[in-house]
Amino acid sequence: MTGRIRTKVLKVILSTSLGALLLLSITSMMSIFNMRQVVLVHSDQLGRTAAQNSQAALEVQVKQQLISLAQDRAALTDEKLSAIQKQTKMVADIATTIYTHKNLYQPKPIDYLPSSQVGTTALYLRTAADVSFNDIRSEVYLAANVGDILRQITVDTGINASYIGGEAGYFITVDKDASDLRKTDYDARTRSWYIGAKKKNGLFWTAMSSDSSTGGSISCTMPFYDGELFKGVAGSGMSLEDINQILNSTTIGETGYAFLLNNDTGQVIMSPKISHIRTDENGAILGEDYLHSPNPALRELTQRMINQEDGFMELEMDGAGVYVAYHPLRFINWSLGIVAPIEEIIAPARFIDQNIIQLTKIKVTQMDRTILVICLIMGTVILFAVGIIVFLALRLSNGLTAPIISLSHGALVVGAGDLNHRFEIKTGDELETLSKIFNQMIDNIQDITAEKERIGAELNVATKIQASMLPCIFPPFPELKEFDIYAEMHPAKEVGGDFYDFFLVDQNKLVVVIADVSGKGVPAALFMVIAKTLIKNQAQMDKPLNEVFAAVNNQLCENNDANMFVTAFIGMLEINTGKFTYVNAGHNPPIIKQGDRGFTWLTTKPGIILGTMEDMRFKMMETILEEEDMLFLYTDGVNEAMNREDKLFGSERILEVLNAGRGKDNHIHDYIKDMLHEIEVFADGAEQADDITMLILYRKRFAT
């Protein structure tokens, strides 16, 4: 100790005695090094700021462009889909008019079109195999009045086919492909486009299906009527080639692309990255499944698109970061997304950053060489000056360190617990003042220690008083063989705000209570005593449990200037029948084990907490506890127990511990012991943050 103090004093004397030359040298060196540091910091900040600003500007610009581009491409796609929807509605309206006003239309004979003309713009007629044409001839000739508009729609627009299918079993169409109409029998009533529109009783879009000529197609269908009577379905089919061109023409950078997502299935059905089309047994196209992707961010993006959201998201796809803008379509349950690789977007900003870093390194190297030369010169001068003053410094240090050594020795004595020691230093300077301050501090420590011991003794008494207020003898009712009950409370501080209670209202009614007062420590403990007393007093009047909580709530609200409150659960078991009525006032939902189903959540109405608002009503519910059924009550100190990483124990882990519990042979206390053990293992030494209280009620087998 003496050697270290003398060394420090020697250093002080040396540092103050070097004179003007040494001071000037040190000041110069500090200025040089400060200048170097300033240059380094400012250069680094400038580089980082430039790169960050550049990257941020690019990101903002790209985000706006991607969102705008997604909206634009979605609008173009909607425009294509809007056209087919309008045409379909027009055909359905005309067919309805024809049926509703039959007297205004002459029969239009129509016959089966030979297979050799399939694929032309002629009007096709097909009927179901089980339908006789003679039986439906008059209705077919009436419906054929829609033929001109079918032909006009198919010839003058981008629609592949326009058609109507009647409930009577006929099918009239103009179809540019019609590869499935080579045979004369065709039952439209069995097709998905017909069934979907009929079931929906309105506009219906079919799933995207494979098409031999265009690679994909989709149909829009709508019912038509004779007055209120359903007569059939009108429809239009279109190739998705135009929509595919919209996607293929949407490029961002070298690898960006656009895609269409089916919101009903969460699958990507159109994308430049899909090189091979897969279909199911009905011909519907199967896309890439994003909804069940192992990538959680991709699943989140898919869910947003399924929810018809419009927005922007950053995530990782195929091992690389990307920006994705997405927008829903108006006329069909699809969403359009645009993918832009982040690396391509921020490449210019990174190039700027690298250039600035390289220039900074060159300048720093040049500066360091100059500083090294200056340091060598100044070091020589300082060493010469130090040799002159060392002798004087050694002599002065011996005289200065004696009082300091005395202070150090006394501090060790006091630190060892001797509070009767006093410092006696008479130097007439700050060291003497310091010794007096030490003496005063020792007196204060003695007073504080005595006060702390007094408070500790009082808290110890409070802990015992609180523990004595809770039932602690188990089994509590040995003369009653129909049930068993066990509970424990472990406060986070000396006293806590949790409490449990159980008592008999009469020989056939057992009441159980568990509650959690807001806050911890002495205030919570005092409020706990009040709440527990009020609840028990009201319950022992044999009132309905909802009235018990209503009365207690009003009493707690009176003069509640501290704004404290209680979450509580109360239940009453009719011992002979097993009927269990209960009320929940904002408390954790209890857990119940009924039969062989294992532990699960008891259905409760949460209700409002006690002590916040007067004249509140509470919902009373009931269930049946059969033989060997159990009820587990707990406070949030269990599910909100935290470990060193601030993670919560969680409600699901409570269920796991109970269902894996070793409470065999009706030793119900083992369930609580297991839970306490698992919480301790989970906490891994982390301090208990909240009171932990648990109660378990078991209805025994062969109750007598």
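The values are calculated or read from the model by the stated rules, or taken from the named source; none is laboratory data. Computed from a prediction, not measured in an experiment: that's the story for all the values here. Quick reminder, even Gly has a Cβ in these numbers, built from the backbone with ideal geometry, and neighbours come from all protein chains shown.
Just to be sure before I move on: is D318 out of contact with any strand residue (DSSP E or B) (no Cβ under 6 Å at 6 or more places or on another chain), over 27 Å from D78 (Cβ atoms) and modelled with pLDDT of 80 or more in the structure I sent?
Here the answer is yes, as D318 does meet what is asked.
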So if I check each of T100, T88, T77, which one is out of contact with any Ser or Thr (no Cβ under 6 Å at 6 or more places or on another chain) and within 22 Å of K199 (Cα to Cα)? T100
Odd one out for G595 among (1) touching a residue at least 24 places away in the same chain (Cβ under 8 Å); (2) of a type outside the set (S, T, N, Q); (3) more than 27 Å from K481 (Cβ to Cβ); (4) assigned to a loop (DSSP other than H, G, I, E, B): (3)
Scanning for something over 30 Å from the mean Cα position of the chain (by Cα) and loosely packed, with under 13 Cβ neighbours inside 10 Å, does the stretch 639-662 turn up at least one residue? yes
Would you mention how many residues in the stretch 223-236 are surrounded by 24 or more Cβ atoms within 10 Å (Cβ to Cβ) and of a type in the set (A, V, I, L, M)? 2
Checking P109 against (1) touching a Leu at 6+ places or on another chain (Cβ under 9 Å); (2) more than 17 Å from F331 (Cα to Cα); (3) not charged (D, E, K, R), which test does it fail? (1)
Give the residues of the stretch 307-340 that are surrounded by 15 or more Cβ atoms within 10 Å (Cβ to Cβ), without any contact (Cβ under 8 Å) to a residue 40 or more places away in the chain and under 19 Å from the mean Cα position of the chain (by Cα), sorted by residue number. M313, L315
Which residues, taken from the stretch 437-451, are at pLDDT below 70 and touching a Lys or Arg at 6+ places or on another chain (Cβ under 6 Å)? none
Of the criteria (1) in contact with a helix residue (DSSP H, G or I) (Cβ under 7 Å, 6 or more places away or on another chain); (2) part of a loop (DSSP other than H, G, I, E, B); (3) under 16 Å from L633 (Cα atoms); (4) not small (G, A, S), which one V511 fails: (2)
The one condition I608 fails out of (1) under 20 Å from A515 (Cα atoms); (2) not in a loop (DSSP other than H, G, I, E, B) is (2)
Residue within the stretch 627-644 that is touching a Pro at 6+ places or on another chain (Cβ under 8 Å) and either more than 20 Å from L695 (Cβ to Cβ) or of a type in the set (S, T, N, Q) (or both) present: no
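Among the listed residues Q507, Q538, Q555, which satisfies the condition of being modelled with pLDDT of 90 or more and either among the charged types (D, E, K, R) or over 19 Å from I609 (Cα atoms) (or both)?
Q507
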Tally of residues being of a type outside the set (D, E, K, R) and more than 33 Å from the chain's Cα centre (by Cα) across the stretch 473-499: 12
Filter the stretch 215-262 down to residues that are of a type outside the set (D, E, K, R) and under 30 Å from A144 (Cα atoms), then give me how many there are. 22
Among the numbered criteria (1) surrounded by fewer than 16 Cβ atoms within 10 Å (Cβ to Cβ); (2) under 22 Å from S651 (Cβ atoms), which single criterion is violated by K593? (1)
Positions within the stretch 237-252 being of a type outside the set (A, V, I, L, M), surrounded by 15 or more Cβ atoms within 10 Å (Cβ to Cβ) and assigned to a loop (DSSP other than H, G, I, E, B), in sequence order: T250
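Here is a yes/no grid of residues against (1) within 39 Å of the chain's Cα centre (by Cα); (2) assigned to a helix (DSSP H, G or I); (3) not aromatic (F, W, Y):
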| site | (1), (2), (3) |
| --- | --- |
| V529 | yes, yes, yes |
| K532 | yes, yes, yes |
| I535 | yes, yes, yes |
| F549 | yes, yes, no |
| N560 | yes, no, yes |
| M564 | yes, no, yes |
| I570 | yes, no, yes |
| L573 | yes, no, yes |
| F580 | yes, no, no |
